[in-house]
Amino acid sequence: MEGERYAFLVEWYDSLAGIVRRYNFLFYPKDNSVEMIDVKNKRIFLKRTKEESIRLDQCYIGSSVNLHGRQLKFVEYSDTFTKIKLSMAKEKTLAIFKPDIMKKMPLLLEILCTEGFQICDMKTVVLSKSAAEGFYREHSAKPFFRTLISFMTEGPIMALSLLADNAVSRWRALIGPTNSADARSQAPDSLRARFGTDQTRNACHGSDSVASAERVEYFFKILQ
């Protein structure tokens, strides 16, 4: 961390001027300091200043931070070091909001942002029977398989590709145990505890490993 500097392009909507202003946002983790340079004028907008409210884990593409009353949105990496260093530190996972929770989508998207997940892609899908069977084929011999397929095809679902540090484990922790009853006793703040009904109608799906998270391609490349 000694001497490291992370560079981002951030945007701020200036409501008084009615324009979007762009800055190079430089973060120095050694002393938690921030420097900002106006992209258009190529002038220092904020001299390097220690900012206890800003952390490196808040700085990723798609996130927003509030700095001195300005809501800054991270839109790009500004140098190769930052892009390589931070993109390698993060992982993607597949999240699915099931038919029983679709009416809660505005709240759920707000929760994702609050929890620090970046939404890389999202897609509303009405699964056919064959598509649902293809996705859940590993469970085909289990007694709940037919009930699961029936449930997953009864209405639209939302598939999301999420990016974050330790995205797989963090998303699994956020949704809670598979059975909603267990979730209510073991993880009462989890999504399945709050919105699920039982082991099948349990609101969400979450990949259980980095390998299975790669099945995100099933929704964004295979299903058209």
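Holding the Cα-Cα limit at 21 Å, pick out from LYS98/LYS129; LYS30/LYS83; LYS50/LYS73; LYS47/LYS90 the pairs that are longer than that.
Listed pairs above 21 Å: LYS47/LYS90.
Hey, can you grab everything whose amide H is under 5 Å from the amide H of LEU127? Only 5+ residues off in sequence or another chain; H modelled, so Pro and N-termini drop out.
The list, which skips near neighbours in sequence, is ILE157.
Determine the dipole magnitude for the range 4-132: charges of +1 sit on the beta-carbon of Lys and Arg, -1 on that of Asp and Glu, nothing else is charged, the reference point is the Cα centre, and the result goes in debye to the nearest 20.
So the magnitude is around 220 debye.
Can you list residues from other chains, or at least 5 along the same chain, whose modelled amide H is less than 5 Å from the amide H of ASN202?
Close amide H contacts, sequence-distant or interchain: THR197.
Near the amide H of PHE45, under 5 Å away, which other amide H atoms are found, from residues 5 or more places off or on another chain, if H is placed in the peptide plane?
Amide H neighbours of PHE45, under 5 Å, 5+ apart: MET36, ILE37, ASP38.
Report the local net charge at PHE117: Lys and Arg +1, Asp and Glu -1, summed over other residues whose C-beta lies under 15 Å from its C-beta. All intermediate terms of the calculation are to be shown ahead of the outcome.
On the way: positive: LYS90, LYS92, ARG170, ARG172; negative: ASP57, GLU91, GLU110, GLU115, ASP121, ASP165.
Net charge in that neighbourhood comes out at -2.
Can you tell me the order of 59-69, 197-207 when each peptide is scored by its average per-residue count of other Cβ atoms within 10 angstrom, highest first? Write out the running numbers ahead of the final one.
On the way: 59-69: 15.2, 197-207: 19.4.
Result, highest mean first: 197-207, 59-69.
Hand me the GluC sites (Glu not before Pro) from the range 4-87 located in a DSSP loop with no more than 13 other Cβ atoms within 10 Å, in residue order please. It would help to have the intermediate numbers written out before the result.
Details: sites: GLU4, GLU11, GLU35, GLU51, GLU52, GLU76; in loops: GLU4, GLU51, GLU52.
The qualifying sites are GLU4, GLU52.
Which net charge results when you count Lys and Arg as +1 and Asp and Glu as -1 among the other residues whose beta-carbon is under 11 Å from that of ASN179? List each step's numbers first, then the result.
Numbers: positive: ARG184, ARG192, ARG201; negative: ASP182, ASP198.
Every neighbour counted, the sum reads +1.
Below 15 angstrom from the Cβ of LEU67, what's the summed charge of the other residues (Lys, Arg +1; Asp, Glu -1)?
Taking every other residue near LEU67 into account, the sum is +2.
None of the figures in this text is laboratory data; all of them are computed from the coordinates on show. A quick note: this is a predicted structure, and the numbers were derived from the prediction, not measured. Heads up, the Cβs are rebuilt from the backbone with ideal geometry, glycines too, and the neighbour counts pull from every protein chain shown.
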